[in-house]
Amino acid sequence: MPSDYDATEFVDSDFQTHKSPYSTTSVSSTSSQRAPTREEVDSRVTEAQQKLAELKRAQEELERERASLEETRRRQLEFQTGRQEMVQNLTRGIGLVEEAEFTARQEAEQMAKTLAGFHDALAKVQAIQEGTWTKENFSVELTRALTAVENARMEWNTARLKFPILTGPLADPGSSNAVSPPTDSIFATHGFGELCRLGFALTWPVAFAVVLAVVVIAALLLRH
């Protein structure tokens with residue numbers, strides 16, 4: 001008599017073992033191909049916006065850093081250029097000012113000497129008192145006076161050659177607009193006879209002194 005029917009005898013265990021994975025892969029493939037839901041799309045949009053915002057903040061930060069670096073570079077260039085310019089200008093300025101200061105010091109010293117000479121010459125000219133002259137000392141005093149005036153004139157002419165400021169017109173103390181008369185005004189206002197008399201009046205004391213000296217010398221010679 002045949003045995004009872006066993007259903008497991010016709011089941012391949014290896015086939016059953018490999019069947020389950022294929023079935024799972026098929027289900028996963030099907031779920032990955034399905035359309036995304038609205039919630040998933042909203043989530044992905046929000047995520048993208050957040051990433052864009054972070055990128056924008058990073059870009060702004062880089063822009064600020066770049067602007068700061070450019071400002072630093074500009075200031076460094078300005079410093080280097082300005083320092084080089086000021087070194088050149090100050091070096092040249094020191095040389096020019098030192099030269100000008102040396103020249104000014106020399107001119108100041110010359111002015112001081114000239115000023116002292118002016119005071120001395122003015123004092124000597126003003127010290128001449130014609131009212132105190134007598135017949136005995138007239139010749140000597142006149143010679144001294146002429147010498148003082150001539151020395152003052154030499155002092156004045158020498159100073160005029162050194163300082164151009166003295167070459168301007170000489171103002172009259174009584175009038176600010178008056179100028180000194182021309183040097184040839186005496187020849188224009190006096191005739192030849194008057195000039196001769198004036199010259200004789202100025203030179204006769206000297207001539208008298210010379211004649212007197214000659215007479216004295218001749219007398220001494222005759223005694224010997």
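Scan the range 31-51 and give yes if some residue there is hydrophobic (A, V, I, L, M, F, W, C), at pLDDT 90 or above and part of a helix (DSSP H, G or I), otherwise no. Yes: the range 31-51 contains one or more residues that are hydrophobic (A, V, I, L, M, F, W, C), at pLDDT 90 or above and part of a helix (DSSP H, G or I). Of the set (1) among the hydrophobic types (A, V, I, L, M, F, W, C); (2) part of a helix (DSSP H, G or I); (3) exposed (fewer than 10 other Cβ atoms within 10 Å of the Cβ), all apply to Val87 but (3). The set of residues in the range 99-158 being of a type in the set (Ser, Thr, Tyr) and outside any helix (DSSP H, G or I) consists of Thr134 alone.
Does Gln80 satisfy the criteria of being exposed (fewer than 10 other Cβ atoms within 10 Å of the Cβ) and of a type in the set (S, T, N, Q)? No.
For the range 133-145, filtered to residues that are touching a residue at least 40 places away in the same chain (Cβ under 8 Å) and within 60 Å of the chain's Cα centre (by Cα), the residue that is surrounded by the most Cβ atoms within 10 Å (Cβ to Cβ) is Leu142. Screening the candidates Arg74, Arg57, Arg105 for the property of being surrounded by 10 or more Cβ atoms within 10 Å (Cβ to Cβ), out of contact with any Phe, Trp or Tyr (no Cβ under 8 Å at 6 or more places or on another chain), at pLDDT 90 or above and under 30 Å from Thr158 (Cβ atoms) yields one hit, Arg105.
When the range 108-125 is filtered for residues that are out of contact with any helix residue (DSSP H, G or I) (no Cβ under 9 Å at 6 or more places or on another chain) and surrounded by 12 or more Cβ atoms within 10 Å (Cβ to Cβ), only Lys113 remains.
The values are calculated or read from the model by the stated rules, or taken from the named source; none is laboratory data. Remember, predicted model here, so these are calculated numbers, not experimental data. All Cβ positions, glycine included, derive from the backbone under ideal geometry; neighbour counts span all protein chains shown.
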